[in-house]
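Novice: Once you've had a glance at the structure underneath, I'll fire off some questions.
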Amino acid sequence: MANTRVIAGPLESLPTRQPKTYAAVRLEIDNWRWAGVPVLIRAGKELPVRATEVRLILREPPRPAFLPAPSHVPANQIVLRIDPDAGMQLRISALDRDLTWREVPLISTFSGDLGEPLPPYERLLHAALNGDNRYFARDDAIEESWRILQPLIAYPPPVHRYAPGSWGPAAADTLTGNRYAWQLPWPPSAADALNK
């Protein structure tokens, strides 16, 4: 990993000595394939929504001159929601009947398509009892995680306070750069309920 930047902070309602409850991290992978692609991680307590997701924002398409009124086309996205209610969403930009670009979400909830999964701890216990190591971290992955995190532990970043119910300190917005912005999580919706 190269070029790591971190924003950390406690809730405003906590005394200054309380542990940090928020972290925003920007990582970059140091190889030719991922050069210039940021990995943005944000986690905290008392944020507006409880959600865990992985969001891949694909490169914005070029503006083809042959299309009517070439304009800014939003980048396509692949969203993997881990919790709550695991699922996948493909967000593509398409021309509608009025020749206007709009975002079209294609949604799949795994419980609706595959049936209810085992609860997480049951799944882990079942895997451990059956010798299935796919759900467990390998030693080399754990060592690499500590190598990346050790400089942050040794030299902690400045602390920025944030209000409960907010998305964290404003300083976290500086991590996204000019091309990207923090995205709101994909919350469960009425469209998801149709898949169940």
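The values are calculated or read from the model by the stated rules, or taken from the named source; none is laboratory data. Quick caveat: nothing in here was measured; it's all calculated off a predicted structure. All Cβ positions, even for glycine, are placed from backbone atoms using ideal geometry, and neighbour counts span all protein chains on display.
Novice: Do we have N178 as at pLDDT 85 or above and either closer than 29 Å to A86 by Cβ or exposed (fewer than 10 other Cβ atoms within 10 Å of the Cβ) (or both) here?
Specialist: no
Novice: Considering only residues of the stretch 80-103 that are within 19 Å of E53 (Cα to Cα) and of a type in the set (A, V, I, L, M), which is surrounded by the fewest Cβ atoms within 10 Å (Cβ to Cβ)?
Specialist: Looking at residues that are within 19 Å of E53 (Cα to Cα) and of a type in the set (A, V, I, L, M), I get I82.
Matching residues to (1) closer than 30 Å to V73 by Cβ; (2) in a helix (DSSP H, G or I); (3) among the hydroxyl-bearing types (S, T, Y):
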residue: D98; (1), (2), (3): yes, no, no
residue: P105; (1), (2), (3): yes, no, no
residue: S111; (1), (2), (3): no, yes, yes
residue: Y121; (1), (2), (3): no, yes, yes
residue: H126; (1), (2), (3): no, yes, no
residue: Y135; (1), (2), (3): no, no, yes
residue: A141; (1), (2), (3): no, yes, no
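Novice: Another question, then. Exactly one of these conditions fails for V79: (1) closer than 28 Å to A163 by Cα; (2) at pLDDT below 85; (3) β-branched (V, I, T). Give me its number.
Specialist: (2)
Novice: Just to be sure, is A163 touching a residue at least 40 places away in the same chain (Cβ under 8 Å) and on the phi < 0 side of the Ramachandran plot?
Specialist: Yes, satisfied.
Novice: Using the structure shown, decide if Q183 is closer than 23 Å to R81 by Cα and either of a type outside the set (D, E, K, R) or surrounded by 14 or more Cβ atoms within 10 Å (Cβ to Cβ) (or both).
Specialist: yes
Novice: Looking only at residues that are among the basic types (K, R) and more than 22 Å from N178 (Cβ to Cβ) in the stretch 34-50, which one is nearest to the chain's Cα centre (by Cα)?
Specialist: First, pick out the residues of the stretch 34-50 that are among the basic types (K, R): 42, 45, 50.
Now drop any that are not more than 22 Å from N178 (Cβ to Cβ), which leaves 45, 50.
Values: K45: 16, R50: 12 Å.
Per the stated criteria, the residue is R50.
Novice: Give me the pairs: first residue in the stretch 100-125 and without any contact (Cβ under 8 Å) to a residue 12 or more places away in the chain, second residue assigned to a strand (DSSP E or B) and of a type in the set (G, A, S), beta-carbon distance under 8 Å, and six or more apart or on different chains, which are they?
Specialist: That search, which allows pairs on different chains as well, returns R102/S93; R102/A94.
Novice: Here is a further query. Name every residue in the stretch 20-49 that is assigned to a strand (DSSP E or B) and free of Cβ contacts under 8 Å to residues at least 40 places away in the same chain, in order of residue number.
Specialist: Scanning the stretch 20-49 gives A23, E28, V39, I41, A43.
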